[in-house]
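Participant: Pasting in a structure now, in structure tokens, and then I'll have a few things to ask.
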Amino acid sequence: MLQKYYRTAIAVFFIVFILMGISKTYAQDSVKLALTPPMGWNSWNTFKCDINENLIKEVADAMVTSGMKDAGYQYVVIDDCWQVSRDSLGNIQADPKKFPSGIKALADYIHSKGLKFGIYSDAGLKTCQGRPGSRGYEFQDARQYAKWGVDYLKYDWCYHGMQNAQASYALMAMALRKTGRPIVFSICEWGTNKPWRWGAKVGGNLWRTTEDILNCWDCRTDWGGMGFVHILDAQDSLAKYAGPGHWNDPDMLEVGNSGLTVPESRAHFSLWCILAAPLMAGNDIRHMSEPIKNILTNKEVIAVDQDSLGKQGRKVKDLGDLEVWAKELKDGSRAVVLFNRSKQPAKISVNWQEIGLNKSATARVRDLWRKKELGQFKNGFAATVPSHDVVMIRVWPKK
């Protein structure tokens, strides 16, 4: 019995020690990273476990040739299934059949393209696909990632047992910082333990707010996966937790995947930009249609996401299937999305007071998808929005 109490006391002490140390030191360090929401590509949504080094190299090539790099995308992230075991010293080992050149060589290739390299692990004993997790190997794995040249770590939450989430993520954050290499830390905890309340304190740069996104408009699964509109609905109340260096993460993009039409992909991308969300593409960027490429590389829309003020947008009007979302930008302008969830075209209006401007102001309005100046508008703006689509504008009040 005494031994049991002793173990419990040690565990509690360890958790408190970790949390105190991280909140005072490493959270300050993490703010230097991800001052705007990270942009890149992740392998999971399209390829799941069917990954290999040639695929990842081709994706890196495509990020450059497609114009995505020029539009601001940086990170090429391999998700679950790259690892298979540990060696006799406990070092994590990549699948030698899928990654015969090794992870360091792959990272070097991606860096040679002027891009950054990201990798995946899990806070539990195993990853979600049953590969070796990092529990008990946090500092060893972090040192290995730094040696390989990793710039971004996505850290999942499968097979965690009775672990304390905050302490588990704090421990890996400390391990990453101790390497001396700047590694963006993505907390993939699914929102179960409300990481928006503590993610920044423990050294996270972004944290998942929900279960996994699915390749659909509004579907759900028994295990918690959901279409992008359901994830969107969970974001509005979290805006106060986002800012430079620490972002709410509504999960990767399904833009360009088969479950969404082009208008739905445009709506999805527009709203993620209003949310100041990380923009991690999840489609096969080697084989994009021109409309999808135009969505992912629209610099005017991306500028809304990457605005240095770092404010997450909010829903300012809700009329059931018709919504208005707005985001304040550093230059005093507002980005606005008129969002039509219905099955028919609909007129949606917004008045300037609803987006934080003087209600009788005159403002210049630009359509960000048509890349067209619309003129001066007094009091507000209205447009007919197609079904499952958006009109996205930027509004500059007249001074």
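The values are calculated or read from the model by the stated rules, or taken from the named source; none is laboratory data. Just so we're clear, the structure is a prediction, and the values are computed from it rather than from any experiment. Note: ideal-geometry Cβ built from the backbone for every residue, glycine included; neighbour counts use all protein chains shown.
Participant: So for region 298-316 (the condition being in contact with a strand residue (DSSP E or B) (Cβ under 6 Å, 6 or more places away or on another chain) and either free of Cβ contacts under 8 Å to residues at least 12 places away in the same chain or assigned to a strand (DSSP E or B) (or both)), does at least one residue qualify?
Facilitator: yes
Participant: Contact list please: Cβ distance under 6 Å, first residue in region 319-332 and over 22 Å from SER387 (Cβ atoms) and assigned by TED's automatic domain parsing to the domain that holds ASP389, second residue surrounded by fewer than 21 Cβ atoms within 10 Å (Cβ to Cβ) and of a type in the set (Ser, Thr, Tyr), pairs at least six apart or on different chains.
Facilitator: So the pair list comes out as LYS330/SER308.
Participant: Next question. Identify, by number, the condition in (1) surrounded by 24 or more Cβ atoms within 10 Å (Cβ to Cβ); (2) free of Cβ contacts under 8 Å to residues at least 60 places away in the same chain; (3) out of contact with any Phe, Trp or Tyr (no Cβ under 9 Å at 6 or more places or on another chain) that VAL255 doesn't meet.
Facilitator: (3)
Participant: Could you check region 298-315 and list, in sequence order, the residues that are closer than 19 Å to ASP389 by Cβ and buried (at least 17 other Cβ atoms within 10 Å of the Cβ)? Spell out how you get there, then give the answer.
Facilitator: Just the residues of region 298-315 that are closer than 19 Å to ASP389 by Cβ, to begin with: 298, 300-302, 304-305, 313, 315.
Of everything in region 298-315, those that are closer than 19 Å to ASP389 by Cβ and buried (at least 17 other Cβ atoms within 10 Å of the Cβ) turn out to be ASN298, VAL301, ILE302, VAL304, ASP305, GLY313, LYS315.
Participant: Yes or no: ALA382 in contact with a helix residue (DSSP H, G or I) (Cβ under 7 Å, 6 or more places away or on another chain), in a strand (DSSP E or B) and not assigned by TED's automatic domain parsing to the domain that holds GLY243? Give the steps one after another, and end with the answer.
Facilitator: Working: in contact with a helix residue (DSSP H, G or I) (Cβ under 7 Å, 6 or more places away or on another chain): no; in a strand (DSSP E or B): yes; not assigned by TED's automatic domain parsing to the domain that holds GLY243: yes.
Here the answer is no, as ALA382 does not meet what is asked.
Participant: Looking at TRP247, TRP217, can you tell me which residue is surrounded by 18 or more Cβ atoms within 10 Å (Cβ to Cβ), aromatic (Phe, Trp, Tyr), assigned to a loop (DSSP other than H, G, I, E, B) and not assigned by TED's automatic domain parsing to the domain that holds ARG334? Walk me through how you get there before you give the answer.
Facilitator: Values: TRP247 fails: assigned to a loop (DSSP other than H, G, I, E, B).
Answer to the selection: TRP217.
Participant: Among the residues of region 89-98, is there at least one that is surrounded by fewer than 21 Cβ atoms within 10 Å (Cβ to Cβ) and either at pLDDT below 95 or of a type in the set (Val, Ile, Thr) (or both)? Working first, answer last.
Facilitator: The initial filter retains those residues of region 89-98 that are surrounded by fewer than 21 Cβ atoms within 10 Å (Cβ to Cβ), namely 89-91, 93, 95-98.
Those still in the list that are either at pLDDT below 95 or of a type in the set (Val, Ile, Thr) (or both) too: none.
No - not one qualifying residue is present in region 89-98.
Participant: While we're on this one: So which pairs qualify, if the first residue must be in region 70-81 and more than 22 Å from CYS158 (Cα to Cα) and polar (S, T, N, Q), the second must be modelled with pLDDT of 95 or more and not in a helix (DSSP H, G or I), the Cβ gap must be under 8 Å, and the two must be at least 6 apart or on different chains?
Facilitator: Every condition considered, the pairs that remain are GLN74/PRO38; GLN74/MET39; GLN74/GLY40; GLN74/LEU115; GLN74/LYS116.
Participant: Do the conditions hold for GLY224, that is, is it at pLDDT below 95, part of a loop (DSSP other than H, G, I, E, B) and either closer than 21 Å to LYS154 by Cα or within 18 Å of the chain's Cα centre (by Cα) (or both)?
Facilitator: Values: at pLDDT below 95: yes; part of a loop (DSSP other than H, G, I, E, B): yes; either closer than 21 Å to LYS154 by Cα or within 18 Å of the chain's Cα centre (by Cα) (or both): yes.
Criteria met by GLY224.
Participant: State whether one or more residues within region 109-122 are more than 24 Å from LEU279 (Cβ to Cβ), touching a helix residue (DSSP H, G or I) at 6+ places or on another chain (Cβ under 9 Å) and modelled with pLDDT of 95 or more. First the steps, then the outcome.
Facilitator: Initially, region 109-122 is screened for residues more than 24 Å from LEU279 (Cβ to Cβ), giving none.
No, region 109-122 has no match at all.
Participant: Starting from region 29-57, keep only residues that are on the phi < 0 side of the Ramachandran plot, then list their pairs with residues that are modelled with pLDDT of 95 or more and among the basic types (Lys, Arg) whose Cβ atoms are within a distance under 7 Å, requiring at least 6 positions of separation or different chains.
Facilitator: Between residues of region 29-57 that are on the phi < 0 side of the Ramachandran plot and residues that are modelled with pLDDT of 95 or more and among the basic types (Lys, Arg), the close pairs are ASP29/ARG177; ILE51/LYS98; ASN52/LYS98; GLU53/LYS98.
Participant: Does region 335-357 include one or more residues that are closer than 19 Å to PRO37 by Cα, aromatic (Phe, Trp, Tyr) and part of a strand (DSSP E or B)?
Facilitator: no
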